[in-house]
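All of the numbers you see were taken from the coordinates with simple rules; none came from a lab. None of these values were measured; they are calculated from a predicted model. Heads up, the Cβs are rebuilt from the backbone with ideal geometry, glycines too, and the neighbour counts pull from every protein chain shown.
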Amino acid sequence: MDERHARPVDPLTAPLVDAPGHRRTPPRQTRPEGIMGDVDVRRCPVADRSPQEREILLHGQRLRYRETGRGEGPTVLLVHGLAASSRTWAPVFDALDGGLHVIAPDLLGHGASEAPRSGDYSLGGYATGLRDLLAALDVDGATIVGHSFGGGVAMQFAHQFPEFTERVVLVSSGGLGHDLTLALRAASLPGTELVLRSAASLTPQWMRRAAHRLAHRVGRVPRSDIDGVHTALEAFTDRGTRGAFVQTARGALEPSGQRLDGAQRLHLLLEVPVLLVGGNRDRVIPLAHTLAAHDRLPDSRLEVFGDAGHFPHAEQPERFVALVRDFVHGTRPAEGDRDALRRRILGLPRVG
């Protein structure tokens, strides 16, 4: 199969070679002119942390990311959700290594990445940041895996940058419908930052109790969902993170539910391999959104994890890893055909 792989960038990482049996394709000419002009590619492992963790300056803003498997095969870009970080993927990150090149960034305003007050926290801004990261790392294309809010970012990325999009995996994805749990809808209300500041002042013990109570307000939930709430509360101890969360939430959410519904643009992914994953006990985003997306994308693959909530990849990591591996190696990457995209936008029939 003709797969596109990452190419070595600089001597700051270990010597890089392609895996036996894999060949690189020439770089595509569709990359925007001058994309590297404002990018500082001073990459290095982060001191006192895993050698997989690195930092890069993109347009003067510090971005933390994890990377493994460079040169070993197709690239998989893991995009976390709102108020989360690359740690979301910890249960599957190492297992995906070996035959795959895996990148998991902390989105701007999340995790250990910078949270500038003037940052662009829109879906388009996040998508552009991911494109710039791939370009800076000299990656020509990737399978974009998005969880929750990250699913909305993944779809936006595919719409904006089809030339970088090989496949799309949506995990308990946002952006596929209007309904949303009350706790997240409330995040769009005035005064949210004050509430988050109060929550951040809790002791670790009380923070854990608050996570349990908040999670159980939306019904019987798995342990991973409670852990996700706890992680979010911990993140809000940082003022910049709180501000970034509020800006992001107000752009994507409203008191009645999700502000943006990407389901109306799913036809733009008709020629992109798409894998849809959901948990049958998800109380954050209805599984019905994922099922409806599958109906709109008849060639997509659907996997519903039984007895799983909003974090199916964390609850059943072995199944998730096998699923993603099979999907990446068993499908041909999209070609990023701009003419085909134009025809889909205009509702014209396929050619050939």
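The distance linking the range 117-177 with the range 55-70 is 15 Å (Cα centroid to Cα centroid, whole angstrom).
Evaluated on the range 294-352, the Kirkwood hydrodynamic radius is 14.4 Å, with distances taken between all distinct Cα atoms. Extension gain for the segment residue 250 to residue 329, taken as residue separation times 0.36 nm less the Cα-Cα distance, is 24.7 nm to one decimal.
Which length gain, in nm to one decimal place, applies between residue 343 and residue 288 when the Cα-Cα distance is subtracted from 0.36 nm times their residue separation? So the chain would gain 16.9 nm between residue 343 and residue 288.
Show me the ranking of peptides 78-89, 320-331 by mean Cβ neighbours inside 10 Å, starting with the highest.
78-89, 320-331
Based only on Cα atoms, what Rg/Rh ratio does the range 75-191 have, Rh being taken as Kirkwood's radius?
Radius of gyration relative to Kirkwood radius: 0.96.
Measuring spread by the Cα atoms of the range 243-352 yields a radius of gyration and Dmax of 16.5, 49 Å. Residue separation of residue 122 and residue 138 scaled by 0.36 nm, minus their Cα-Cα distance, works out to 3.3 nm of gained length.
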